[in-house]
Amino acid sequence: ETGAAGGRWRCGRCEDGAVLRWCISGVLCASFLGLGMSIAVLGPTFPNLAANVGKNVSDMYYIFVGRSLGFLGGSVVGGVLFDCMNATLLLALSMLGTTAGLYVIPWCKESLLLTALMSVIGGSMGILDTGANVLILNTWGSESGPHLQALHFSFAAGAFLAPILAKMALGGSESEELAGAEKTNQSVLKSVPTASGASTTPAPKDHHDGDFLWSYIIIGTYILLVSIFLFALYSKRSSARDKGKGSAQKGRLAKYHWPLVGLLFVFFLFYVGAEVTYGSYVFTYATIFAEMTESEAAALNSVFWGAFAVCRGAAIFGAAFLSPATMIVISLACSTASSSALAFFAHYRALLWAGTAVYGASMATVFPSGISWIEQYTVIEGKSASLFVVGGALGEMCIPAVVGYLQGRFHHIPVLTYAALVTSIMTVLLFPVMHKLANVPQENDLKEVSDSETRKALLTNSRLTEDEEEEEDVREWNDADFEIIEMNDKLKNSVTDTSPRIPGHSPAEVSLQPHLDDVLGDSPVVAGGSPGRQNGNVDWEKSE
């Protein structure tokens, strides 16, 4: 009965642990939904914020710079703090900081204060983006693939919902403005062209000035509820268990850990930069080079982001059956093929639509799959994860800037499609190098292999030595048997020649057996000798 009770207790404890892990994944996905909404809501409400601080839209670009710098700083600081304190507590605090910033922004009347608030929100977002990936890895380990895909799908869903929420709060303001701003939520330079284009647009009407704040309040309240759930998880001390699990994995640090992290940093820089660049400029490209109408260009932009979101959702289930490396290879192959079609055959409308859809789908799974992939080869902690996020953020800022600059210099060249092809080629070249570097065996592994081979060789030599000794013993016994047979023949001949004859008996019958008994003693009987010995005994008894 005691054993059965102990078994039930252990079973119940395992079930509680599984439920707790699923709760962690659910809360983190909810937090990323809020992260996507808080980033995306800035685009549709940007003119209202400008009117709130009494500035033109074209003069408000620096709030994007402040948010991006805060995001980079939060990623770096968060990476250090996650290795020093409870991960769940830090995430809860970062969500509270985001909530506070979202509550204050609608009432902010100073542009400098608004920039500072954006920097604070950006820092909180950077901490969340870094910490959620690390916490998923520590919670699920080798099973983290589908959960990472779900995490990043939640971000895409939040970015999709925020413009709809803003449109509802604004009471149906200009749909084209919202459609253009819907996809300007992921980079500074995404929103700057929109701002420049809107510089001559009159300020929003008075009846909209107070309506937009409800979108910030609703999103802030949602994030506040998520932070409460994170505090509840902290009270369960879940991250202590996660940290123990992560510490158990410290022994398998890759031989070239930091070079591998650095290469993945560059990989994410090109990947995220390519994703944001195409999503930012595809509308302009379609109207100028493909000669589409604005509605067609907007539809093409929606195809890109729609394929991106759908494929990221499908990847949640695909990650349960495919390895991260396989998903990355498929994504890179599709991105290279589609970007090649866009670069050289985009003048065919069908290929432009199909290439845009495939390119968007190929972008969906790379970031979460990359984190899952590297976790198989080395330990990912806060500092390493922060570098991945920083790499993506730098690519998000730098590559669109370079493409925009080159497009301004070379008006008649579709720089966007060629940039997509170049970044695809760079990622295709980087991944085999990373895979080769990740599979370099450590010195301990080489020593274990060497010791194993040495033991195998010793065992083989030992078996050979034993076999040789057995063969040598067999040869010695055979030689001894032949010597005995030869002595037997010689003695027989000698007795026959020298013994006196006894009437009625042959000399061999009289004297052979005593001599053989004296010579052989208790030696083993050999083939052919037994009959003679038995006959000798019989004759000897007769002579007596």
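The values are calculated or read from the model by the stated rules, or taken from the named source; none is laboratory data. Since this is a predicted model, take the numbers as computed values, not measurements. Ideal geometry is used to build each Cβ from the backbone, glycine not excepted, and the neighbour counts take in all protein chains shown. With ligands, DNA and RNA removed, areas are computed over all heavy atoms of the protein, side chains included. Shrake-Rupley method; radii C 1.70, N 1.55, O 1.52, S 1.80 Å.
Write down the accessible area per residue of region 255-441 in Å², having rolled a 1.4 Å probe over the full set of protein chains.
On a per-residue basis, 40 Å².
Tell me, what is the per residue accessible area of region 87-150 in Å², probe radius 1.4 Å?
Accessible area per residue, region 87-150: 29 Å².
Counting Lys +1, Arg +1, Asp -1, Glu -1, what net charge surrounds G79 among other residues with beta carbon under 12 Å of its beta carbon?
-2
What are the ³J(HN,Hα) values, in whole Hz, obtained from phi via the Karplus relation 6.51 cos²θ - 1.76 cosθ + 1.60 with θ = phi - 60°, for each residue of region 90-107 in sequence order, with x given for Gly and Pro?
Working through the residues one at a time gives 5, 5, 4, 5, 5, 5, 5, x, 5, 4, 4, x, 5, 5, 8, 3, x, 9 Hz.
Of all the accessible heavy-atom surface of region 255-441, with the other protein chains kept in place and a 1.4 Å probe, what percent is carbon and sulfur?
Result for region 255-441: 74 percent of the exposed heavy-atom area is carbon or sulfur.
Which order do peptides 294-303, 87-96, 307-316 fall in by mean Cβ count within 10 Å, highest first?
87-96, 307-316, 294-303
Taking amide H positions as placed 1.01 Å from N in the peptide plane, with prolines and chain starts having none, which residues 5 or more places from M292, or on another chain, fall under 5 Å of its amide H?
Counting only residues 5 or more places away or on other chains, the set is T287.
Provide, for q = 0.16, 0.19 Å⁻¹, the log10 of I(q)/I(0) from a solvent-free Debye sum over equal Cα point scatterers in region 255-441.
-0.96, -1.27
Sorted by packing (mean other beta-carbon atoms within 10 Å per residue), highest first, where do 117-130, 137-150, 387-400, 253-266 land?
Answer by packing, highest mean first, reads 117-130, 387-400, 137-150, 253-266.
Take the Cα coordinates of region 98-150, assign each an equal point scatterer, and use the Debye formula without solvent to give log10 I(q)/I(0) at q = 0.24, 0.27, 0.29 Å⁻¹.
Those come out to -0.82, -0.94, -1.02, one per q.
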